[in-house]
Amino acid sequence: MRGPGTWGTRGVAVGGAEPGAERLLTETAAHAIELRREIHRHPELGFEEVRTSALIERELDILGIEHRRVATTGVVGIVRGALPGKTAALRADMDALPIAEQSGEACASEVPGKMHACGHDAHTAMLLGAARVLASRRATLAGNVVLLFQPAEEGPGGAEPMIAAGVLDDPKVDAIAMLHVDPRLRTGAVGITPGPVNAAADELHITVHGKGGHGGYPHLAVDAIPATAAIVLALQNIAARETDPLAAIVVTLGTIAGGYRNNVIADVVKLTGTIRTYEPAIRDGVEERVRRIVDGVAAAYACTAEVEVVYGYPPVVNDAPLATAFAAYLTHETGIPVERLAPTMGAEDFAFFAERVPAVVGRLGIRNEALGSIHSGHSPQFRLDEAAIPTGITTLVAFAEAVTSGAL
Ligand SMILES: [Zn+2]
Ligand SMILES: [Zn+2]
């Protein structure tokens, strides 16, 4: 019996076990691993994924899958089944990060200062693998599967321009899924959690104004530094005293900059930070709280302040009935073990798709101590256990076939 880390006990049988299905999937996984290595060697940043788009188009052409360009470097493919049914979408992000790779992988980046440190190389390769399996089953496929290869997830965001280009509209998408590799979970397992799974990430910019002067004559100036120190401490009250302790919130100040030299009173101090929340009601109230605290504390110190909140990616919320049903379906049909993972305070622009269409984010286990596949995403040491790739392909195919056939 094969373990779930390879093809699952019945993983190949999703949607009907035609002869040769297992061989097809074994070959597909091997090819996807080759593609993952090719993409990994040539990482590209957001909206610069020219080589990656060309690779995707080359592979879709080989499979005879229609496709078009959207959002500069994004690619949309459509697998049209022979039978009537619903439309599922599968999304993979394509972009890399400005990190110098120190993973020690044989297929390490050949581009100085750029690295696939978040596993998007594997996401793209797995979606191409799922495309190959689905294309081979067109004759028995009910409905359509839309393949979304999305640029710039790490920023500035490729999901919104793809939606603006109509990728959810024709054919109209009924449900959407994505996988993200996750070193918290062992290779072979998938994590599916109903409800919130990724936080909203909003930027905070604060400027505190005083009046400069001589460090020896503070009474003739208005010092922005003690005012800023009080603001930094007071902002902690938003999480500690003003928010339901059972609701998640983070207010982190990441930078602080001000002043000129040791004996000069600073006239201006700038702070930047990030606000992370899951629930719209909590998210909506934070800006007002930040403004009240910053303005009030600044006034108490005879200073003035400006606050700007730049709203970023919304929270990702898994459709609870769909996620629960798919978790049961996946284990039943493929033998892949499904675990409930805690949500993360990381952000993900798949949120924009999930706001419009019932959605499931699955976490794909890649943890393998023997291979050193233990580091979190965005680490220069990040490594990826490629044995997870067949599990990922099986999961994507299972979602697509479950939605299109009406099983979910
Ligand atoms: Zn990332
Ligand atoms: Zn990522």
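The values are calculated or read from the model by the stated rules, or taken from the named source; none is laboratory data. Every value quoted in this text rests on a predicted model; they were computed, and no experiment measured them. A quick note on method: Cβ atoms are made from the backbone with ideal geometry, for glycine too, and the neighbour counts reach across all protein chains shown. Note: accessible area is taken over every heavy atom of the protein model, side chains too, but ligands, DNA and RNA are not part of it. Shrake-Rupley method; radii C 1.70, N 1.55, O 1.52, S 1.80 Å.
Annotation: ILE163 fulfils all but one of (1) assigned to a helix (DSSP H, G or I); (2) open to solvent by less than 10 Å² (accessible area, probe 1.4 Å); the unmet one is (2). When the residues of the stretch 199-229 are filtered to those that are under 19 Å from the mean Cα position of the chain (by Cα) and open to solvent by 10 Å² or more (accessible area, probe 1.4 Å), the one that is nearest to ALA325 (Cα to Cα) is ALA201. In the stretch 71-79, is there at least one residue being buried (at least 24 other Cβ atoms within 10 Å of the Cβ), assigned to a loop (DSSP other than H, G, I, E, B), away from ligand 1 (no atom under 16 Å from the Cβ) and not aromatic (Phe, Trp, Tyr)? Yes, because at least one residue in the stretch 71-79 is buried (at least 24 other Cβ atoms within 10 Å of the Cβ), assigned to a loop (DSSP other than H, G, I, E, B), away from ligand 1 (no atom under 16 Å from the Cβ) and not aromatic (Phe, Trp, Tyr). If you go through the stretch 350-363 and keep only what is open to solvent by less than 40 Å² (accessible area, probe 1.4 Å) and more than 14 Å from ligand 1 (Cβ to nearest atom), you end up with PHE352, PHE353, ALA354, VAL357, ALA359, VAL360, GLY362.
Across the stretch 109-125, which residue is farthest from ALA54 (Cα to Cα) among those that are within 13 Å of ligand 2 (Cβ to nearest atom) and outside any loop (DSSP other than H, G, I, E, B)? Once the filter is applied, the top-ranked residue is MET115. Within the stretch 247-268, restricting attention to residues that are more than 21 Å from the chain's Cα centre (by Cα) and among the aliphatic types (A, V, I, L, M), the residue that is surrounded by the most Cβ atoms within 10 Å (Cβ to Cβ) is ALA266.
If only one of ILE56, ILE33, ILE39 is at pLDDT 95 or above, within 18 Å of VAL79 (Cα to Cα) and not in a strand (DSSP E or B), which one is it? Working first, answer last.
Numbers: ILE33 fails: within 18 Å of VAL79 (Cα to Cα); ILE39 fails: within 18 Å of VAL79 (Cα to Cα).
None of the other options fit; the residue is ILE56.
Across the stretch 166-192, the qualifying residues are those that are more than 22 Å from LEU128 (Cβ to Cβ) and surrounded by 15 or more Cβ atoms within 10 Å (Cβ to Cβ), and the one among them that is nearest to ligand 2 (Cβ to nearest atom) is PRO183.
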